[in-house]
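These notes concern the structure reproduced below.
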Amino acid sequence: MAGAYGVLGSRLYVGDTALVNIESAVDTIADFTSLSVSAEVGLIESLGNIGKVFDLVTFQAVKDGRTYKFKGGYNGGSMDMVVASDITDVGQALMEQYANSPDQNTYPFKITLNGADAMFDTIYFGGKVFSHQFVFGSVNNVVKANIKIEVNTEIFIGAA
């Protein structure tokens, strides 16, 4: 299917081994596809966003007062996701473990897209899990967890 596709049926997977030397170890999509990224994160309500976010660099000329705008450095963004909390889910348990560890490890992630063109059905990236917070709400709520992943590598789109 070419063109737009829905989110329904998409899945997020996380690896159980940290990336080593991220500056050179994951430069291509082939580097990601060779990794074991097999722990599915279950009961996802919302995946959130990822993608490059550039810093704004400005310069204001004295002559005319005009502000010139440039793109500066960038990062891969951050994914704020919501799950129905399940302490028995292997993927969620890894996310909580990574969030609560003070280490500086970057872990591999992949998102599979249901219904996407077979050449572009998987997104790969490396990220650090910065938080895993339980959300309780009120009587008529499901116990959820908010998870924040900071993207720490390039983002690759390709085949599974």
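The values are calculated or read from the model by the stated rules, or taken from the named source; none is laboratory data. Since we're looking at a predicted model, the values are computed, not measured. Heads up, the Cβs are rebuilt from the backbone with ideal geometry, glycines too, and the neighbour counts pull from every protein chain shown.
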Inset, instruction - Go through (1) exposed (fewer than 13 other Cβ atoms within 10 Å of the Cβ); (2) aliphatic (A, V, I, L, M); (3) within 12 Å of the chain's Cα centre (by Cα) and name the single condition residue 79 misses. - result: (1)
Inset, instruction - Of all residues in the stretch 137-152, count the ones that are outside any strand (DSSP E or B) and more than 10 Å from the chain's Cα centre (by Cα). - result: 7
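When you scan the stretch 1-102 for strands (runs of 3 or more DSSP E) that lie fully inside it, which ones turn up with 2 or more residues that are more than 19 Å from residue 121 (Cβ to Cβ)?
The strands (runs of 3 or more DSSP E) meeting that bar are 44-46, 53-60, 67-75, 78-84.
Here's the yes/no breakdown for (1) over 9 Å from the mean Cα position of the chain (by Cα); (2) more than 24 Å from residue 75 (Cβ to Cβ); (3) not in a strand (DSSP E or B):
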| residue | (1), (2), (3) |
| --- | --- |
| 111 | no, no, no |
| 115 | yes, yes, yes |
| 119 | yes, yes, yes |
| 127 | no, no, no |
| 157 | yes, no, no |
Legend entry - Top-ranked residue in the stretch 106-152 [being polar (S, T, N, Q), modelled with pLDDT under 95 and in contact with a helix residue (DSSP H, G or I) (Cβ under 7 Å, 6 or more places away or on another chain); ranked as surrounded by the fewest Cβ atoms within 10 Å (Cβ to Cβ)]: 152
Legend entry - Where a residue in the stretch 91-119 is on the phi > 0 side of the Ramachandran plot and its partner, wherever it lies, is part of a loop (DSSP other than H, G, I, E, B) and surrounded by fewer than 21 Cβ atoms within 10 Å (Cβ to Cβ), with Cβ under 7 Å and at least six apart: 115/1; 115/5; 115/6; 115/9
Legend entry - Residue that is surrounded by the fewest Cβ atoms within 10 Å (Cβ to Cβ), among those in the stretch 17-51 that are at pLDDT 95 or above and among the charged types (D, E, K, R): 45
Inset, instruction - Please determine, by comparing only the residues of the stretch 86-105 that are of a type outside the set (A, V, I, L, M) and touching an Asp or Glu at 6+ places or on another chain (Cβ under 9 Å), which one is surrounded by the fewest Cβ atoms within 10 Å (Cβ to Cβ). - result: 89
